[in-house]
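Everything below concerns the one structure shown next.
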Amino acid sequence: MKAMILAAGLGTRLRPLTNDRPKALVEIAGRTLLEITITRLRDFGVREVIINVHHFAGMVLDYLKKNHNFGMLRIEISHEDILLDTGGGLKKAAWFFLEDAAEQNTPFILHNVDVISTIDLRRMMEFHAANQALATLAVQDRQTSRYLLFDNQLQLCGRRPAKNDNDDDELVRSSTQMQALAFSGIHVISPRLLPMISEEGAFSIITSYLRLAGEDRKIMGFRADEYYWRDLGKVESVMLAGQEVKLWMMK
């Protein structure tokens, strides 16, 4: 099984923690975000990973070498000279998931390095397979600045702009009832989606998902309300997560 870790961002919101390191090497309770993510994927059964890098890229390479890739069978690096965002980053790394014809029917995981969770990846993978989806997004009913909209079958229908925007909901599929859910930065993707990404340059993968959903392709939401999840994009979130992880370790 394969996965991609999105780790190329500048980590601007994490300053001063990212003044001298990439966000992937910010620590929580003595462990870096990259170690936490790799270990979680490895424990799930992932053996091959590609990581996109940009900011302090050399530090990531040295860190992986020093720690023997944390037991992964194979780790590849996708170096972005300019930031490509989530969609552009995945498109640049698509070769990794298409190199072996025998694996092109095996879904892979796309995981932000700056989120931690207890989301059951096995259940998410089973949900993805049962629905024969192109992509499945972990979503929760919680507050966020931007929501994705899903119908009662949890198929993506559109998105809702930030509260301070005056724009209406962006709908790509009609539905009599919709639910607004927060995306959690964890995806399961079928490799057959990759050749369908027609966008170029730097772009969000959500843009591709919305276009494909509008073409009646199955982009699904996996309800992950019962699981712990935290976005680590801000310093205060890192500090809070550190306290929570320490409590887990004491139990």
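The values are calculated or read from the model by the stated rules, or taken from the named source; none is laboratory data. Remember, it's a predicted structure, so these values are computed and weren't measured experimentally. All Cβ positions, glycine included, derive from the backbone under ideal geometry; neighbour counts span all protein chains shown.
Numbers for the structure displayed
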| quantity | calculated |
| --- | --- |
| Given (1) small (Gly, Ala, Ser); (2) out of contact with any strand residue (DSSP E or B) (no Cβ under 8 Å at 6 or more places or on another chain); (3) at pLDDT 95 or above, index of the condition Ala213 fails | (2) |
| Number of the exception - Phe127 against (1) surrounded by 15 or more Cβ atoms within 10 Å (Cβ to Cβ); (2) at pLDDT below 95; (3) closer than 19 Å to Tyr228 by Cβ | (2) |
| Yes/no for Leu41 being touching an Asp or Glu at 6+ places or on another chain (Cβ under 7 Å) and either of a type in the set (A, V, I, L, M) or at pLDDT 95 or above (or both) | no |
| Listing of helices (runs of 4 or more DSSP H) fully contained in the range 1-106 that carry 3 or more residues being of a type in the set (D, E, K, R) and more than 22 Å from Arg192 (Cα to Cα) | 33-44, 57-66 |
| Test: residue in the range 26-38 that is polar (S, T, N, Q), without any contact (Cβ under 8 Å) to a residue 40 or more places away in the chain and surrounded by fewer than 19 Cβ atoms within 10 Å (Cβ to Cβ) | no |
| Search result, residues across the range 209-236 that are touching a Gly at 6+ places or on another chain (Cβ under 9 Å) and either of a type in the set (Asp, Glu) or part of a loop (DSSP other than H, G, I, E, B) (or both) | Asp231, Gly233 |
| Residue match in the range 211-220 (condition: more than 15 Å from the chain's Cα centre (by Cα), in contact (Cβ under 8 Å) with a residue 40 or more places away in the chain, on the phi < 0 side of the Ramachandran plot and loosely packed, with under 13 Cβ neighbours inside 10 Å) | no |
